[in-house]
């Protein structure tokens, strides 16, 4: 009997607008007669029909998300139209799987709106390659109306910066801020300018770190107050912001945790202000990562504490590369005596320059040494590190 009812029900594919809504609790409401028998059997048939009609190969987990989005509430044709629309703009199966995983509701978007938004980003403002790659990472970009939502934000940025190419560069690099209200974006830019920056300087800053357009104004203000408490004046804060803008998009509690640990182990002579001023990128490393590198240098490689403190940038260096290079210099007996190179003299160099300028040995000789190191030697040393 159930199969007979299903056969009859499956012949209907009328959109929800023409069918009465059932008076059931929200979680059980069905808007299309195709969904009345909402069981695993009918779900499989619906998904198979979608896949057959579109030629798409969806992962099972993605197919379930597609169903959960409410695509079954629309007709099969409507769902397939949305998918085929994306395919017509060059979206491949792998990309569509990612889009439906992150934002499956795109399949119930009106086809006309979907085309309008893709064409705006792909043909009028930027290019199709950017749209395809960005939609895979940020499909909600296509959720916003161009005329009422996106264009006012773009026009404001152009009015403030007077540089259309720079605005496009910011959007290309970090489109996520576009989900914010126009008033919120204005508030964030004004907050940055009020520190003492002109529009050209603000533009330079945001081009380097567009995530500032997504940072909360209150969080930005808290960091200004925090830096002032540490002894920075406004001109120094501007300089710090231009040197390392990421400090202003990092959680204030994490910043305080990092500074506390750096002071605790002796960096900056115990002065938080000096630590931040000398090497602000330290605030971008995790405490766990810094502890591992500090222990590697001090406890396993036996580097003098003064050298470690004089080179805080080593905390951001690759653990494996630090170990390999110092082990190589020790192997050559160059890590001892009056001609021992300083820690900072080689960590910023690539392998070729390290071999030519520091070790003064052929590059292949260094690579042979690295290959000869036991694969688990570094792991074993770090496993005994207390952090």
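Just so you know, all these numbers are worked out from the coordinates, no wet-lab data involved. Because the structure is a prediction, the values reported are computed rather than measured. Glycine also receives a Cβ, built like all others from the backbone with ideal geometry; neighbour counts cover every protein chain displayed.
Points worth noting:
- Under 13 Å from a label point set 7 Å out along the Cα-to-Cβ vector of residue 222, the amide N atoms of the stretch 228-256 belong to 248-256.
- Using a simple spin-label model with pseudo-atoms 7 Å out from Cα toward Cβ, residue 230 and residue 260 lie 1.4 nm apart.
- Extension reserve of the residue 309-residue 88 stretch, reckoned as 0.36 nm per residue once the Cα distance is removed: 73.8 nm
- Here r is the Cβ-Cβ distance between residue 111 and residue 163 and R0 is 45 Å; the resulting FRET efficiency, rounded to 0.05, is 0.80.
- Cα gyration tensor category, rounded, prolate or oblate, for the stretch 287-384 with a/c compared to 1.5: oblate
- Our estimate of slack between residue 44 and residue 98, defined as 0.36 nm per intervening residue step minus the Cα-Cα distance, is 17.4 nm.
- Separation in nanometres of the label points that stand 7 Å from Cα toward Cβ, at residue 201 and residue 140: 3.3
- Taking a ≥ b ≥ c as the square roots of the Cα gyration tensor eigenvalues, the stretch 130-178 comes out oblate, since a/c reaches at least 1.5 and a/b does not exceed b/c.
- Estimated inter-spin distance, residue 214 and residue 61, nm [label 7 Å along Cα→Cβ]: 2.2
- Length added when fully stretched, residue 246-residue 180, from 0.36 nm per residue minus Cα-Cα: 21.8 nm
- Projected-area average for the stretch 149-249 over all orientations - Cα convex hull basis, square nanometres: 5.7
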